Amino acid sequence: MAVVSSKIFEEGRAAKATGQPDSANPYEAGSQESLDWLEGYTAGEPEPSAAGPSEN
């Protein structure tokens, strides 16, 4: 997903780094700002698999 605001992306990364929950997102759900914040918050986490976890 494309990030529109790197400032808001960095706010999300900072929130994760300080141990805040994802519910600390201050932006309206569904807004571009909220998406950018969540992208920052989840940066570096593995992408979820559409097939679910592998069963090896």
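Filtering the range 1-47 to residues that are loosely packed, with under 14 Cβ neighbours inside 10 Å and of a type in the set (D, E, K, R) leaves LYS7, ASP22, GLU28, GLU45, GLU47.
Quick one: in the range 1-38, of everything that is of a type in the set (A, V, I, L, M) and part of a loop (DSSP other than H, G, I, E, B), which residue is modelled with the highest pLDDT? Result: ALA29. Selection of first residues in the range 7-19 that are closer than 12 Å to LEU35 by Cα and of second residues that are outside any helix (DSSP H, G or I), restricted to Cβ pairs under 8 Å at least 6 apart or on distinct chains, gives the following pairs, ordered by first then second residue: ILE8/TYR27; PHE9/VAL3; PHE9/ALA43; GLY12/ASN25; GLY12/THR42; GLY12/ALA43. Test ALA50 against the criterion of being among the hydrophobic types (A, V, I, L, M, F, W, C), part of a loop (DSSP other than H, G, I, E, B) and either surrounded by 17 or more Cβ atoms within 10 Å (Cβ to Cβ) or modelled with pLDDT of 95 or more (or both), and give yes or no. So ALA50 fails the test.
The values are calculated or read from the model by the stated rules, or taken from the named source; none is laboratory data. From a predicted model like this one, the values you see are computed outputs, not experimental measurements. FYI the Cβ positions are ideal-geometry reconstructions off the backbone, even for glycines, and counts take in every protein chain you see.
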